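Here, each number is a calculation from the coordinates, and none is a lab measurement. What you are looking at is a predicted structure, and each value in this text was computed from that prediction instead of being measured. Here the Cβ positions follow ideal geometry from the backbone for every residue, glycine too, while neighbour counts run over all protein chains shown.
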């Protein structure tokens, strides 16, 4: 097995990817969102130090699992937002008491007195 031990150490750049590949249950939501998949894939594809094909395969599996979890969290957030929007705009939900559901005629009708508009405009 040839790879640099610092790459897969607990504080290494690919530690979360390795954790996702082997102990998926230990990976928290915060770990998933702090992973930058673009830079991780770039460092797996073109490593600075030679890496075994099996090791890079394990790391790519970790990338796929993190990507899957990110997509799952995004879908859950979108569904939650969609449900909240539907609940906010659903018809038939009225909080008013029965007697206040209709306004009185004089409360919503303007008087038909236009005496201010009957005066001629001043000459300029």
For the pair residue 87 and residue 48, how long in nm is the line joining their label points, each one 7 Å along Cα→Cβ?
4.9 nm
Run the paramagnetic zone check for residue 71: 7 angstrom along Cα to Cβ, then residues of the stretch 7-37 with backbone nitrogen under 16 Å.
37
Spread of Cα-to-Cα distances over 5 Å intervals beginning at zero, given as percent, for the stretch 3-90
3, 14, 23, 20, 12, 8, 6, 5, 4, 3, 1, 0
For helix 53-88, report the angle its Cα long axis makes with the longest principal axis of the Cα atoms of the chain; keep it between 0 and 90° and round to the nearest 10°.
10 degrees
Rounded to the nearest 500, what is the 222 nm mean residue ellipticity of the chain from helices alone, with -39500 (n - 2.57) per DSSP H run of 4+ residues and division by all residues?
-16000 deg cm²/dmol
Listed peptides 81-87, 21-27 by packing density, highest first (mean Cβ within 10 Å):
21-27, 81-87
Per-residue counts of other Cβ atoms within 10 Å, averaged by peptide: what ranking do you get for 98-107, 32-41, highest first?
32-41, 98-107
I need to check one value: relative contact order of the chain, counting alpha carbon pairs closer than 8 Å and at least 6 residues apart, in percent.
25 percent
Multiply the residue gap between residue 10 and residue 124 by 0.36 nm, knock off their C-alpha separation, and tell me the result in nm, one decimal place.
32.6 nm
Using 0.36 nm per residue, how much length does the chain from residue 34 to residue 113 gain when fully extended, once their Cα-Cα distance is taken away?
21.7 nm
